[in-house]
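Comments concern the structure below.
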Amino acid sequence: MTPNESTWKEQRRMWCDLILSYFRHNGLSTMTLAEAVTGPPFNNRGIHRSLRVDVLREIVEELVRQGNASWMGPKNTRDACLVFWRKPEAWATVIHQWAADAGMLNTVLTFFEIANGDDSVGQEFHGIDPATLRRALDVLQSQGKAQLFVGTSDDDIGVKFFA
């Protein structure tokens, strides 16, 4: 870590930008910190440099503050996170617009149909991580634009979109 706070703040901002770009480009959504520091973009074997886990944790804390990440797992471990290269609120807008454009309002769809179904092929959210999809649909539900129907398991969740 850099001792100069303004330099560290700028480095942290650049790391955040790099992480979001890297995750978007590679279609990633989850990160286990101990594993992440062993490979790109946090480890450069060519010059024998790598980011320490404690420094990566600080960077992820910044992503959490920005709304671009959320810690996963036991509350105080901070060892793994979801990375939102697009915030759940933005995904909510995209998904709701798709549902409206596709004539899916007032129709119950499963998570699978939204994320992996034939009707979503070609959409930017096709193949979206289930946890990220859930966050986006929670946003729509809080806005009154969707209702979630929970079954006996996470695979059994449906959603009905409203205008």
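A few remarks follow.
- Spin-label model distance (nm) - Ser6 vs Val108, 7 Å beyond Cα toward Cβ: 5.9
- Probe 1.4 Å, all protein chains present, accessible-area order of Glu61, Glu113, largest first: Glu113, Glu61
- Ordered by solvent-accessible area of protein heavy atoms (1.4 Å probe), largest first, the residues Arg135, Arg57, Arg65, Arg52 come out as Arg65, Arg52, Arg135, Arg57.
- Heavy-atom accessible area with a 1.4 Å probe sorts Arg49, Arg86, largest first, into Arg49, Arg86.
- Per-bin percent of Cα-Cα distances, segment 1-144 [5 Å]: 2, 9, 17, 20, 16, 13, 10, 7, 4, 2, 1, 0
- Here's how it looks for Thr30: its modeled amide H is under 5 Å from those of Val83, which are all 5 or more places away or on a different chain.
The values are calculated or read from the model by the stated rules, or taken from the named source; none is laboratory data. Predicted, not measured: the structure shown is a model, and the values here were computed from it. Reconstructed Cβ throughout: ideal geometry from the backbone, glycine too, with neighbour counts over all protein chains shown. Please note that ligands, DNA and RNA were not included when accessible areas were found on the heavy atoms of the full protein model with its side chains. Shrake-Rupley method; radii C 1.70, N 1.55, O 1.52, S 1.80 Å.
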